[in-house]
Amino acid sequence: MDETQSTGVAQGPVAVVTGARRGIGRRIAETLAAEGYDLALIDVAAADETEKAVKAAGRQVLSLVGDVSREQDVIGLAEQVYGSFGRVDVLVNNAGVNLITPTEELTGADWNRVLGVNLTGTFLCSREFGRRMLAWRRGGIVNISSLLGLQGAPDRASYAVSKHGVVGLTRSLAVEWGARGVRVNAVCPGYVNTDMNATNQARGFYTAEDITERSPMGRFAEPDDVAQAVVFLADERRSGYVNGVALSVDGGWNADASWRSLRLSKR
Ligand code: NAP
C-alpha cells in the first residue's frame with residue numbers, strides 16, 4: 001500500500017472510489033468531482049489520469065495504491081482517507097476483475113482471486129468505511145455489481161457468483177445499517193465500453209455485434225451511464241429513501257424475454 005498524493009482536510013462531501021484508475025471507476029470519480037465531491041482514489045496502481053481530472057475540476061484528491069482484497073491494505077487505506085479528509089460521505093465499491101473460463105477448468109486459485117477482489121474487497125471496504133459512517137450516523141455505499149449479479153451465463157461462474165454476492169451483501173447491509181443512517185445500494189451494469197470489454201472481445205469471447213444485437217437499446221453502455229446512476233444513488237437529496245436496490249443499468253437487457261428476430265424486428 002502506498003500513498004501517492006495528499007491534500008488538506010475536506011470542506012465539502014468526500015467520496016471514495018475503488019478501482020478508480022480507469023474505466024467505469026475513473027468516470028465515476030470524474031462525475032462525483034463535477035458534482036462537488038472531494039475524492040479519495042484507490043487502485044492497485046496509481047490513478048494518475050483520474051487524479052489530474054479531479055484536480056482540474058477544482059476538487060481535492062487523495063490517490064492511494066492498495067489491493068481491496070487484502071484486509072491489512074483496506075484497514076490502512078481507510079485510516080489514511082479519514083486521516084486526510086476527516087470524513088467520508090460516499091463509498092463506491094467499483095474495483096473488480098473479470099474471468100471467463102469453463103467451470104470444469106476453473107482453478108481454486110482463480111476462483112479465490114475473483115471472489116477475493118469482487119466480493120471480499122467489497123465487504124472489507126464496506127466494513128472499514130461503513131463502521132465509521134455508522135458512528136457518524138450518515139453515509140452512502142454504492143456497490144458495482146453486474147447484469148451477472150442477477151443472471152448467469154456460461155463460463156462466468158466465479159464472476160457471476162461474486163456479483164450475485166455483491167447484491168446479497170448490498171441487501172444485507174442496507175437492512176442492517178439503514179436505520180443508523182447508512183444507505184447501501186448496488187448498480188448492475190450491462191456490457192460497458194471499457195478495457196475489460198475490449199480485452200474480452202480481443203480474446204474472441206464475443207463480438208460487439210453479439211452485445212448490440214442482444215441489448216434492447218442496441219448499444220453498449222458508456223461508463224457515464226453507470227456514473228450517473230452512481231451519483232443518483234450516492235446523493236441523499238436525490239435518493240434519500242432508496243436503500244437496498246440493485247439498479248439495472250443495462251438498456252433493458254434484464255427485462256427482455258424476447259428472441260433475436262423479434263427484438264431486431266423492432267429496430
Ligand atoms: P477495468 O477497466 O478493468 O477497471 C477496473 C479497475 O479496478 C482497474 O483499474 C483495476 O486495476 C482495478 N482493480 C482490479 N483489482 C483491484 C484490487 N484488488 N484492488 C484495487 N483495484 C483493483 O474494469 P471496468 O470495466 O471499469 O469495471 C469496473 C467495475 O464494473 C468492475 O467491478 C466490473 O466487474 C463492473 N462491471 C463492468 C462491466 C463492463 O462491461 N465493463 C459490466 C458490469 C459490471 P488494473 O488496471 O491493475 O487491472
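The values are calculated or read from the model by the stated rules, or taken from the named source; none is laboratory data. Because the structure is a prediction, the values reported are computed rather than measured. All Cβ positions, glycine included, derive from the backbone under ideal geometry; neighbour counts span all protein chains shown.
The set of residues in region 160-179 that are more than 17 Å from Ser248 (Cα to Cα) and of a type in the set (Ser, Thr, Tyr) contains only Ser172.
The set of residues in region 19-48 being more than 21 Å from Thr199 (Cβ to Cβ) and β-branched (Val, Ile, Thr) consists of Thr31, Ile42.
Of the set (1) more than 11 Å from the ligand (Cβ to nearest atom); (2) within 17 Å of the chain's Cα centre (by Cα); (3) without any contact (Cβ under 8 Å) to a residue 40 or more places away in the chain, all apply to Ala202 but (2). Does region 247-259 contain at least one residue that is in contact (Cβ under 8 Å) with a residue 60 or more places away in the chain, assigned to a helix (DSSP H, G or I) and not charged (D, E, K, R)? Yes, some residue in region 247-259 is in contact (Cβ under 8 Å) with a residue 60 or more places away in the chain, assigned to a helix (DSSP H, G or I) and not charged (D, E, K, R).
The C-beta contact set for region 59-74 (first residue under 13 Å from Gly121 (Cβ atoms), second residue of a type in the set (Ser, Thr, Tyr) and near the ligand (Cβ under 9 Å from one of its atoms), distance under 6 angstrom, 6+ apart or interchain) comprises Val68/Thr18.
Within region 19-50, restricting attention to residues that are away from the ligand (no atom under 13 Å from the Cβ) and touching a residue at least 40 places away in the same chain (Cβ under 8 Å), the residue that is farthest from Asn118 (Cα to Cα) is Glu35. Within the set Ala47, Ala33, Ala20, Ala10, the sole residue that is in contact with a Lys or Arg (Cβ under 7 Å, 6 or more places away or on another chain) and at pLDDT below 95 turns out to be Ala10.
When region 107-133 is limited to residues that are within 10 Å of the ligand (Cβ to nearest atom) and not aliphatic (A, V, I, L, M), the one that is farthest from Val74 (Cα to Cα) turns out to be Arg113.
For every residue, the table says whether it meets (1) surrounded by fewer than 21 Cβ atoms within 10 Å (Cβ to Cβ); (2) without any contact (Cβ under 8 Å) to a residue 12 or more places away in the chain; (3) within 10 Å of the ligand (Cβ to nearest atom); (4) among the hydroxyl-bearing types (Ser, Thr, Tyr).
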site	(1), (2), (3), (4)
Ala135	yes, yes, no, no
Ser145	no, no, yes, yes
Gly152	yes, yes, no, no
Ala208	yes, no, no, no
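Of note, Val74 satisfies the criterion of being within 15 Å of the ligand (Cβ to nearest atom), crowded, with 16+ Cβ neighbours inside 10 Å and in a helix (DSSP H, G or I).
Going through region 174-199 one residue at a time, which ones are in a helix (DSSP H, G or I), aliphatic (A, V, I, L, M) and either within 11 Å of the ligand (Cβ to nearest atom) or surrounded by 21 or more Cβ atoms within 10 Å (Cβ to Cβ) (or both)? Of everything in region 174-199, those that are in a helix (DSSP H, G or I), aliphatic (A, V, I, L, M) and either within 11 Å of the ligand (Cβ to nearest atom) or surrounded by 21 or more Cβ atoms within 10 Å (Cβ to Cβ) (or both) turn out to be Met196, Ala198. Residues in region 234-262 that are over 18 Å from Trp177 (Cα atoms) and of a type in the set (S, T, N, Q): Ser248, Asn254, Ser258, Ser261.
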